[in-house]
1. Just to be sure, is R116 modelled with pLDDT under 95 and basic (K, R)?
2. For the range 194-214: of the residues being out of contact with any Lys or Arg (no Cβ under 9 Å at 6 or more places or on another chain) and over 15 Å from T248 (Cα atoms), which is surrounded by the fewest Cβ atoms within 10 Å (Cβ to Cβ)?
3. Since P379 meets every condition but one in (1) part of a loop (DSSP other than H, G, I, E, B); (2) within 16 Å of the chain's Cα centre (by Cα), which condition does it not meet?
4. Which residue is surrounded by the fewest Cβ atoms within 10 Å (Cβ to Cβ), if the candidates are limited to the range 161-179 and must be in contact with a helix residue (DSSP H, G or I) (Cβ under 8 Å, 6 or more places away or on another chain) and within 12 Å of T382 (Cα to Cα)?
5. Tell me which residues, restricted to the range 349-362, are surrounded by fewer than 23 Cβ atoms within 10 Å (Cβ to Cβ) and either out of contact with any Phe, Trp or Tyr (no Cβ under 7 Å at 6 or more places or on another chain) or at pLDDT below 95 (or both).
6. Keeping to the range 349-373, report how many residues are closer than 20 Å to A253 by Cα, of a type in the set (A, V, I, L, M, F, W, C) and not in a helix (DSSP H, G or I).
7. Can we say S193 is in the same structural domain as C334 (by TED's automatic domain parsing) and out of contact with any Phe, Trp or Tyr (no Cβ under 6 Å at 6 or more places or on another chain)?
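The values are calculated or read from the model by the stated rules, or taken from the named source; none is laboratory data. Predicted model, so just to flag it, every value in this text is computed and none were measured. Methodologically, a virtual Cβ is constructed for each residue, glycine included, from the backbone with ideal geometry; neighbour enumeration extends over all protein chains shown.
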Amino acid sequence: MFTREIYVERRRRLCERCGDGLLLLPGHVDSPVNYPDNCYRFRQDSTFLYYFGLDQPGLAAVVDADSGETTLFGDDQDVEAIVWTGPLPTLADRGAAAGVTRVRPLAALAEALAGREVHYLPPYRAETLLRLAELLLRPPAALRAGASPRFVHAVIAQRAFKGPEEIAEIEAAVAISVAMHEAAMSMVRPGMSEAEVAAEVERIALAAGGRVAYPVIATVRGEVLHNHDHKGTLAAADLFLLDAGAETARGYAADLSSTFPVAPRFRGRQRTLYELQLAAQAAAVAALAPGVPFVDVHFAAARVICDGMKDLGLLRGDTDEALAAGAHAIVFPCGVGHMLGLDVHDMEDLGEDLVGWEGRDRSTQFGLKSLRLGRKLQPGFTVTIEPGIYFIPELIELWRANHHNAAYVDFAELEKWRDCGGVRNEEDFLITGDGARRLGPSKPLTVADVEALRA
């Protein structure tokens, strides 16, 4: 946890933004894997963690936006529970750590809500949905639509701007993540399984006292953007793609990706694509600044990729026209980045359109519609930058069959590259008053640095 004063101040600012009514913040409960006493590792709801810092199951809180009074609800252990877990802090002790003096049993929560206007955030877990339905006497199907827009906007407005204590946590997560990536770069060898690399990466995150912030992607099939299958075997001709980030004990995430050869050095087309991706990443980073719409950052990277594909003979025509038509999405079918914080895709449980686009209409164009962040950047935002180049055979076949963007795509030439897989690198950045800076230490990025570590 941070200091109690940080949580008190966060809740005070929340009350100022919300105005009136009760703000209901349910924490998470344990979630069984296959029977009640065999649970997934507990992870607290991020908004509850932001305002209270308490990382234990079975808690809820109510903030009275009129008076500012906060009540923490939960139950103390009985002797039978202590037998299995050992003694844990009392509810009063946990409340005191978060700056809350008023605590009540969990059974008193329904009574505390009765007769008052209750604001809640969109539920995304089934257990929370059912608990809210019971507390608020509403059918589960109606609960998501009944979430409070005022509450949602207030939370986004706070959590989007990271305080010094949060930036330090993200940088700590980045430092652990860099160690994870360097270990992977050092260990890969022909004949090794993807699972061996994934296991070592996750071990480093756990050994640092945290966990992985999202399921590890460790694959020689880099063209599959979210490939969580680790059954593959590494061959000398392969590129290996690792997308893995650590989460600290306080819940803050890093998000890094790397691509490197299984052989000691990049070969031919591998190096060509890798250096083009690095150039796209550098263009996106150079575009980061306060007041710049993140969609412009996305297109800064897309322009470099489009021009590079033209130089290779895979795309053709006017670059501006090709970008407007979305022709570059044949090899760059996703967004360049997103917000980062207590969630690896920060606050997206509150609504990706609201968090990343401030509720504005988004493009429906293939590729661009997957850009999670488009709003103007502001000092205090923490974001990721991750352009990529992917040769997806099924996508190539579909576009070719439909003559999609045929004016800009040379499908005969593209066919010669269809087995080149995928390349991406990702780093995390803080928007400052006059630009941006990389968060935490830098991982090996240039061809020379990667090959030096591979050697």
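1. Here the answer is yes, as R116 does meet what is asked.
2. Looking at residues that are out of contact with any Lys or Arg (no Cβ under 9 Å at 6 or more places or on another chain) and over 15 Å from T248 (Cα atoms), I get A199.
3. For P379, the failing item is (2).
4. Here the answer is G163.
5. Hits for the range 349-362 are L350, G351, E352, D353, L354, W357, E358, G359, R360, D361, R362.
6. So the count comes out to 2.
7. no
Okay, residues lined up against (1) modelled with pLDDT of 95 or more; (2) within 30 Å of M187 (Cα to Cα); (3) crowded, with 21+ Cβ neighbours inside 10 Å; (4) among the hydrophobic types (A, V, I, L, M, F, W, C):
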residue: H404; (1), (2), (3), (4): yes, no, no, no
residue: R424; (1), (2), (3), (4): yes, yes, yes, no
residue: L439; (1), (2), (3), (4): yes, yes, yes, yes
residue: L445; (1), (2), (3), (4): yes, yes, no, yes
residue: A448; (1), (2), (3), (4): yes, yes, no, yes
residue: A455; (1), (2), (3), (4): no, yes, no, yes
